[in-house]
Structures are given as structure tokens and as C-alpha cells.
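Comments concern the structure below.
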Amino acid sequence: MSPIRSATIAALASAVVATTLTGCQFGEAEKDTSPIVIAADLELSGAAATVGRTYQRALKLKVDQLNASGALNGRKIDLKVKDNRSDSAESLRNIVDFSSDSKVSAIIMGGCNECAVGAVGTINEKRIPTIALAASGAIAAPAAERRYVFKLGPNAPDSAAALTTELRRNNIRKVGMLVSDDDYGQEGATALKNELDKANITLRQQRVKTTDTDVSRQVQQLASGKPDAMVFWTPPEQATLAATSVQQTIFRGSIYFDAAAAGDLFLGAAAKATEKATLIFTQTMVIDDVIATTPAKAARRQWFQDYTARFGGYNGSSSFAADAVQLIADAELRAGGEIGKVDRNGIRDVLETSQMDGLSGPIRMTPDNHSGLMPQALTTLVARNGRWRLAG
């Protein structure tokens, strides 16, 4: 064998060995295995702690599921949670801290309306994609002034329209409304009045602070007006408190809950007071009543079962937190960018056009609408024998 040919064969053999040892260097794209860091600002103590802890459980369960599924292309989600103590100033400090961490892809905020609305300017300034689980429409609208802020959860106009449909169907002519004195409550009072005016239904209101632990005086005031129905547009604890207070009045009409009043599937001590009450909420709350005829319904049913198995009960708001994790994870994977570096602008752009049949229902984000839950996600539930059931 000639020296030239021998050298050529040796060189080829070396190339084969090198290719074998460093496969991704020769033909295979380098794989990003960096963690997807999602930050969460939640009410784990203070007035709104019940809802905040619900979101924390849901976020942890969804992250565990995604990390075990292999659906993240070899990556894992790292969830970083801070307690805002149900205080908007503390929440804002958390947002600033999270946004200063270059590894954080996006933030999920909890159920505090004041916290989310108060953080809008900082979120836009820091250019960090954020999904809020609070109900106020002012969080995400107008979208042009809230480019980095998105919202998941029922919207006041949609809830008001669905409630009015039920009130008309039951020939209600006079309504008493207990409403929380916050952004979402104000939006709800306006939206419901607009809908009821069109239906020629009269409305009388009483307001409560979100921190009030006694609403009996306001409920008594509403009952004295002899309404055909009462609507409770408050956080869950206050709604069940109001339903219990009704029993001490002369009122014997129907009770209706807005979507923001949804809490646990099982009504516990409030079972008697809420019997036959109507709730406008997503179908996932009672998915065990629904035949899983589509992949989306099957996924919702599985989520319901997994959550119930881990925590011994179900809370309706949990699906919003889970959907927020899914939206951010999908956006991170689709945004691309340099390996190991977070592209927040790319994530924001993907979020703004996201569409999915989520655990909460159909979700559609657009440049003009950053509040993604579609009106079709809402349905009518009825309290029967201590738990919520699908109406009909």
C-alpha cells in the first residue's frame, strides 16, 4: 500500500471516530436543555390566601405533569414562587425581582386584581411577558397599552351576558346585587346593569370590600327590597358567606353566582345555603358530569381526576393556572432564539397569537385582545346535594 493511500485511510478513520464522538458537531443541531423558568407572584398569605394557594397547587401539578411528559424537547420547567401577602406593593417588588432575573421567561400573577392592575406599567417597562389570573378587564385592556400583559379567566361582560340569559329564562324581573368594591366588581356592576336594562330587569346594588368578613348588613338591605333573585359578584368566600346570610332574611328567591365567585367543587358547610344556586363558570368544574367526546374534554377530565387525586377535592380556578403554564411553555419552545438565552420579546409575540383548547375551555389571544378565555367556555352550573353540577 502506498504511503499516500495509507495516510488517506488513516485520516478517514480519524474522521469517523471524531464524528462518532461528537455527533451533534457534524450534522446534528445542538439541543437546548436549559430550564424554562416560570415565575409566580401569588397570594399565599393575607386576605386572598385561599385562592393563591389553589393556584400554587395547580401550578405545581401542571409543571410536574409537563416535566414528566417528555413534551418539552428535553427541557424542564423550573417554577419560582414568591408570596405577595395579598399586598400590591409587595407584589410589585416581586415583579421587579423576577424581571431582573435574565433566566425568567415569563411571570404568572395570582388572583389579586389590585396587584395585577398596579403592575401593568412596570411589566411593560421591563418587557417581561406576564399572564394574570385575576378577573379585572383593566389588566389586559386596552391591549395596545399592555403589550406584555395577558389575562386568563372569565371576563365581566361575558359573565354578565350569561347571567342575564339565565335570569330572563327564569322570568326574573327584579335583582339585588352584592358586588365587591374593586376593579372587577365595578366592571361587573356596569356590565350587568347594561345587560339587565336591555332585558327590562331592574337592579339594586350593595357593595362590600374584598376584605369584609361580615356581609349580613348588605344582604339584609338587598332582601328588604324584595328582589326575585340575588346575584353575588364577589370572591368565593364572600359569596358563600352571603348565601349563608340570606338564610337570616325574608328572602326566599333564587341565588346566582358570577364566575369570580367560583371556588371548591364541594360546598361543605355552605351546602344548605347554596342548594339550587346557579353559577356561571367553565365546564371543567363539573367535567365528571360530561362524556369525554373530544380530546379536549378528555384532557379536562384527566386534569380534574389528577387534581382531585392529589389534593382530595377540586377548585374551579385551578385550570386557569394550568393553562397559563401551558401557554408559556409552548411560547418558549416556539419563540426559538439563542440556545440557553431567554427571548422575552419572542415569547410575547407568540403569546399574542396563541390559540388552544385549554383545560379551562377555548383560549384565543390576538393583538387586539389579550384576555384569552372565549365566551363559549362559560356554562351554567347548579348546586345540588352539596356540590356543583351541570345544569339541565
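The values are calculated or read from the model by the stated rules, or taken from the named source; none is laboratory data. Source: prediction; values computed, not measured. Methodologically, a virtual Cβ is constructed for each residue, glycine included, from the backbone with ideal geometry; neighbour enumeration extends over all protein chains shown. When the accessible area is computed, the model is the full protein with side chains, heavy atoms only, and any ligands, DNA or RNA have been set aside. Shrake-Rupley method; radii C 1.70, N 1.55, O 1.52, S 1.80 Å.
Summary table
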{"quantity": "Index of the failed condition, VAL175 passing every other in (1) crowded, with 19+ Cβ neighbours inside 10 Å; (2) in a helix (DSSP H, G or I); (3) over 21 Å from the mean Cα position of the chain (by Cα)", "calculated": "(2)"}
{"quantity": "Among residues of the range 365-392, those that are out of contact with any strand residue (DSSP E or B) (no Cβ under 9 Å at 6 or more places or on another chain) and either at positive phi or at pLDDT below 95 (or both), counted", "calculated": "1"}
{"quantity": "Test: residue in the range 123-135 that is without any contact (Cβ under 8 Å) to a residue 60 or more places away in the chain and surrounded by fewer than 17 Cβ atoms within 10 Å (Cβ to Cβ)", "calculated": "yes"}
{"quantity": "Helices (runs of 4 or more DSSP H) contained in the range 1-119 and holding at least 3 residues modelled with pLDDT of 95 or more and either buried (at least 17 other Cβ atoms within 10 Å of the Cβ) or at negative phi (or both)", "calculated": "49-69, 88-100"}
{"quantity": "Answer residue from the range 359-390, given it is assigned to a loop (DSSP other than H, G, I, E, B) and within 28 Å of GLY268 (Cα to Cα) and is most open to solvent (accessible area, probe 1.4 Å) among those", "calculated": "ASN385"}
{"quantity": "Check on LEU333, outside any helix (DSSP H, G or I) and either crowded, with 16+ Cβ neighbours inside 10 Å or at positive phi (or both)", "calculated": "no"}
{"quantity": "Selection count where residues are of a type in the set (Asp, Glu) and either within 23 Å of ASP158 (Cβ to Cβ) or open to solvent by less than 10 Å² (accessible area, probe 1.4 Å) (or both), scope the range 271-299", "calculated": "1"}
{"quantity": "Qualifying positions in the range 41-90 - under 30 Å from GLU30 (Cβ atoms) and acidic (Asp, Glu)", "calculated": "ASP64, ASP78"}
{"quantity": "Matching option when the condition is within 15 Å of VAL149 (Cβ to Cβ) and either more than 20 Å from the chain's Cα centre (by Cα) or not aromatic (Phe, Trp, Tyr) (or both), among VAL63, VAL117, VAL104", "calculated": "VAL117"}
{"quantity": "Failed item, numbered, when ASP258 is tested on (1) at pLDDT 95 or above; (2) surrounded by fewer than 21 Cβ atoms within 10 Å (Cβ to Cβ)", "calculated": "(2)"}
